[in-house]
1. Have a look at Gly63, Gly43, Gly104 and tell me which one the Gaussian network model of the chain (Cα, springs below 10 Å) gives the largest fluctuation.
2. Got a sec? How would Arg156, Arg6, Arg142, Arg83 order by Cβ neighbour count within 10 Å, fewest to most?
3. Counting each DSSP H run of 4 or more residues in the chain as -39500 (n - 2.57), what helix-only mean residue ellipticity at 222 nm follows after dividing by all residues, to the nearest 500 deg cm²/dmol?
4. Just grab the label-to-label distance for Ala67 and Arg6, each label 7 Å out from Cα along the Cβ direction, in nm (one decimal).
5. Mind ordering 124-135, 30-41 by average Cβ neighbours within 10 Å, highest first?
6. Just to verify a number: FRET efficiency for His88 and Thr20, C-beta to C-beta distance, R0 = 22 Å, to 0.05?
7. Residues of region 119-138 with amide nitrogen under 12 Å from the 7 Å Cα-to-Cβ point of Lys150?
8. Between Ala138 and Arg81, with labels modelled 7 Å along Cα→Cβ, what's the label distance in nm to one decimal, could you check?
Amino acid sequence: MPKHQRKVIANNKKAFHDYTIEERFEAGIVLTGTEIKSIRAGGVSIKESYAKITNKGELIITGMRIAPYEQGNRFNTDPLRVRTLLMHKKEINKLYGTIKTQQGLTLIPLSVYLDEHGRCKVELGLARGKKLYDKREADAKRDAERKMDKAIKASRHR
């Protein structure tokens, strides 16, 4: 699906700094009525969240914070509750096999968005943690690219 048809609600910028993303997946999410209203209002945070596959073969997300909806009163649920993610059984089994066979892989939510039908989706990344020297190397590379771009811009304006 083209990215221009999505309305991105939350991004996990920290994930790209701390992890190397090897593969991306899309999953639906099971929500209550007030949770989807809160997400549409922008009240969601995925900074400290992660996904895992339970013993029952169910994909869940932990640590995703959905702020209580202001007009929700008694219908609001716990903001940090564990939520079920929706993917095909075949995809979940493939993910489970990959995570179990390769050491150091984890499932990290990269973004939360609304698709063209207004459904809330989570983009998951199959990620491998970066070492401290990898992070420094990435920062140095980014700084070098910024300096080159700045120099190119400066030379054009002379």
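Just so you know, all these numbers are worked out from the coordinates, no wet-lab data involved. The structure presented is a predicted model; accordingly, all values stated were derived computationally and were not measured. Cβ atoms come from the backbone with ideal geometry, glycine included; neighbour counts cover every protein chain shown.
1. Gly104
2. Details: Arg156 7, Arg6 15, Arg142 10, Arg83 20.
Sorted ascending by nearby Cβ count, the order is Arg156, Arg142, Arg6, Arg83.
3. -10500 deg cm²/dmol
4. For the pair Ala67/Arg6, the computed spacing is 2.2 nm.
5. Working: 124-135: 15.0, 30-41: 17.1.
Put in order of decreasing packing, that is 30-41, 124-135.
6. Working: r = 25 Å, r/R0 = 1.16.
About 0.30, to the nearest 0.05.
7. Within reach of a label on Lys150: no residues.
8. For Ala138 paired with Arg81, the spin-label model returns 3.3 nm.
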